[in-house]
Amino acid sequence: MQFQIEKKNFLKSLSILQSIADRHSSILALSNILIESEKDSVRLITTDLETTIISSVPCKIKEDGKICVSARKMYEIIRELPEAEISIQGIENHWAKITCKKALFNLSGIDPNEFPTLPPYSEKDLIEIKDLNLREMIEKVIFTASTEESRYNLNGIFLENVSLEDMNVVRMVATDGHRLGLIDRESKELLDIKRGAIIPKRGLNEVKKIVGEYQDELKISIGDNNFIVKANSYIIIIRLIDGEFPDYKQVIPKENDKIIRLNNRDFSSCLRRVSTISADRVEGVKFTIKSGAIELYSSNQDLGNAMEEFPAVYDGAEMNVGFNGRYIIDALSAIDEDEFLLELKDETSAAIIRPAEGKNLLYVIMPMRV
């Protein structure tokens, strides 16, 4: 094959696609990018067998064909080339010849037929979603998903349709067993999600990188095995996690009648200060909740202790409860409003954190001994 392409758009696609190529895989093809000619463009493809990303970039096709070369090295080479037209040609032994002005690179490759077969998908099944801020939804809950490989059914975000007050709502939920994040967004379009779907974290992180720029051109679909997103010239195909997501509705407390109203940014800063004395901020912070204030206390036998009192809107009975400070800080970082609500039942039950005025976002944080 042979084609000529402008650096800007080519480099942009390469930067996104090379991040999914698995450099540590025992399968050589998974560290490579497949480049194949189309009518007036080249189609770039990378995959780790769980997530596949496809991008079409306009160019001048001189000769049809395809090449398969290292995704990372192709990206690094194109990144360093001058801002000018780039010529790429497939040569013998599956190598690629890359020229730009006076620069010349010969990059070794593999037989393109060794590249994995694309998962089946049809663009006819895609539904246009203009009113759904998919990037925001992912950002608000993805950090609460588990990172433990043994808990594979918690290594992603659960997506489902929910009917709330005669509204069609798309809901995302994630949990690691110690905390839970949930976000709802009203949508005029009804996704074909029969029992909900668990979408892996890594693939959704790639979706997040792309869809924000093309929100008005977003189309998605869910098949039996794949979650598919089309945004402008990008198509992302993510293999769904085969497993049962926990009954998260049973985890969300329904009788948390002790409500504390707090300033988001200032309280987060206070909690960060007190948490610095804890090792890696994973040790518990003690919350003493009393009328008009919350007292935060943390200690570490090797470092010392810290205490700070913060004003709060609360006039109930005094309570003492411990939380992982990092979990609270993460939740507050995802809340855009100036104020938030901390809702409690007692000293041993899970807490709810939500925006003071918003009803479509909440976090459940399990207490811990301190």
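The values are calculated or read from the model by the stated rules, or taken from the named source; none is laboratory data. Just so you know, these numbers come straight off a predicted model, no measurement behind them. For neighbour counting, all protein chains shown are included, and Cβ atoms are generated from backbone atoms with ideal geometry for every residue, glycine included.
Annotations
- Contact annotation: residue pairs with Cβ atoms under 7 Å, 6 or more positions apart or on different chains, pairing a residue in region 227-251 that is farther than 21 Å from Ser146 by Cα with a partner that is polar (S, T, N, Q), are Ile228/Ser221; Ser233/Ser55; Ser233/Ser56; Tyr234/Ser55; Ile236/Thr51; Ile237/Thr52; Ile237/Asn226.
- So Ser87, is it of a type in the set (Gly, Ala, Ser), within 31 Å of the chain's Cα centre (by Cα) and not assigned by TED's automatic domain parsing to the domain that holds Ser233: no
- Considering residues of region 211-226 that are charged (D, E, K, R) and touching a residue at least 40 places away in the same chain (Cβ under 8 Å) only, the residue nearest to Pro120 (Cα to Cα): Lys219
- Glu308, sole failed condition from (1) surrounded by fewer than 18 Cβ atoms within 10 Å (Cβ to Cβ); (2) not in a strand (DSSP E or B): (2)
- Some residue of region 281-299 being within 27 Å of Lys140 (Cβ to Cβ) and in a helix (DSSP H, G or I): yes
- Within region 339-370, being within 26 Å of Glu165 (Cβ to Cβ) and in a loop (DSSP other than H, G, I, E, B) holds for Lys345, Ala350, Ala356, Glu357, Gly358, Lys359, Asn360.
- Region 17-28, residues that are crowded, with 19+ Cβ neighbours inside 10 Å and assigned to a helix (DSSP H, G or I): Leu17
- Exactly one residue out of Leu104, Leu118, Leu126, Leu180 is surrounded by fewer than 19 Cβ atoms within 10 Å (Cβ to Cβ) and modelled with pLDDT of 95 or more, and it is Leu104.
- All told, Ile259 meets the bar of being in contact with an Asp or Glu (Cβ under 7 Å, 6 or more places away or on another chain) and either surrounded by fewer than 17 Cβ atoms within 10 Å (Cβ to Cβ) or on the phi > 0 side of the Ramachandran plot (or both).
- Selection within region 318-340 - crowded, with 17+ Cβ neighbours inside 10 Å and either closer than 13 Å to Pro253 by Cα or over 25 Å from the mean Cα position of the chain (by Cα) (or both): Met319, Val321, Gly322
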